[in-house]
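The block underneath contains the structure these notes are about, expressed in structure tokens.
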Amino acid sequence: SALCAVDILSRYPQLKQRTFIYTYGMPRVGNDVWANMVEKMGVPAYRVVYESDLVPHIPFQWLGYMHFSQEVWIHGNRTVFCGKGQESQQCSGSVAIGDYNIPDHSQYSLANWMFTR
């Protein structure tokens with residue numbers, strides 16, 4: 001969905017004022033140049049990550065992939081807005097690689113959406 005939104009907005013910039021990007025369990029799809037471009041578009045973008053979901057952590061950063069910021073981490077019965085900054089180590093980036101969890105990828109619809117900052 002993020003790739004599609006960026007493509008549409010690059011073709012129809014007049015839609016920016018009416019566009020929001022929300023992703024759930026999105027894998028990394030670009031490098032730091034792409035992530036910075038998404039942020040510079042000026043469109044509210046939120047990447048929701050549930051607990052220790054593996055999918056948002058692949059492909060790995062050491063291969064050059066990077067998420068755009070604003071991560072929203074559903075963790076421990078809380079929903080945490082992780083602030084600006086790509087790949088926050090205070091949110092899902094704090095999960096050890098050995099603790100990534102495939103079943104968490106199917107839990108987004110069951111999450112407890114208690115919002116905190």
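The values are calculated or read from the model by the stated rules, or taken from the named source; none is laboratory data. The structure presented is a predicted model; accordingly, all values stated were derived computationally and were not measured. Every residue, glycine as well, gets a Cβ built from its backbone with ideal geometry; the counts of neighbours run over all protein chains shown. Surface areas here come from the heavy atoms of the whole protein model, side chains and all, with no ligands, DNA or RNA. Shrake-Rupley method; radii C 1.70, N 1.55, O 1.52, S 1.80 Å.
For every residue, the table says whether it meets (1) basic (K, R); (2) farther than 20 Å from L63 by Cα; (3) touching a Cys at 6+ places or on another chain (Cβ under 8 Å).
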residue	(1), (2), (3)
S1	no, yes, no
R11	yes, yes, no
Q14	no, yes, no
Q17	no, yes, no
N31	no, no, no
M37	no, no, no
Y50	no, yes, no
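Filtering segment 86-108 to residues that are surrounded by 12 or more Cβ atoms within 10 Å (Cβ to Cβ) and part of a loop (DSSP other than H, G, I, E, B) leaves Q86, E87, S88, Q90, C91, V95, Y100, Q107. Here V72 fulfils each of the conditions (1) surrounded by fewer than 16 Cβ atoms within 10 Å (Cβ to Cβ); (2) out of contact with any helix residue (DSSP H, G or I) (no Cβ under 7 Å at 6 or more places or on another chain) apart from (1). Checking each residue in segment 28-51 for being open to solvent by less than 50 Å² (accessible area, probe 1.4 Å) and either of a type outside the set (A, V, I, L, M, F, W, C) or in contact (Cβ under 8 Å) with a residue 40 or more places away in the chain (or both) picks out R28, G30, A35, P44, A45, R47, V48, V49, Y50, E51.
Could you please let me know if G83 is open to solvent by less than 30 Å² (accessible area, probe 1.4 Å), on the phi > 0 side of the Ramachandran plot and within 16 Å of the chain's Cα centre (by Cα)?
Numbers: open to solvent by less than 30 Å² (accessible area, probe 1.4 Å): yes; on the phi > 0 side of the Ramachandran plot: yes; within 16 Å of the chain's Cα centre (by Cα): yes.
Considered against the rule, which asks whether it is open to solvent by less than 30 Å² (accessible area, probe 1.4 Å), on the phi > 0 side of the Ramachandran plot and within 16 Å of the chain's Cα centre (by Cα), G83 comes out as yes.
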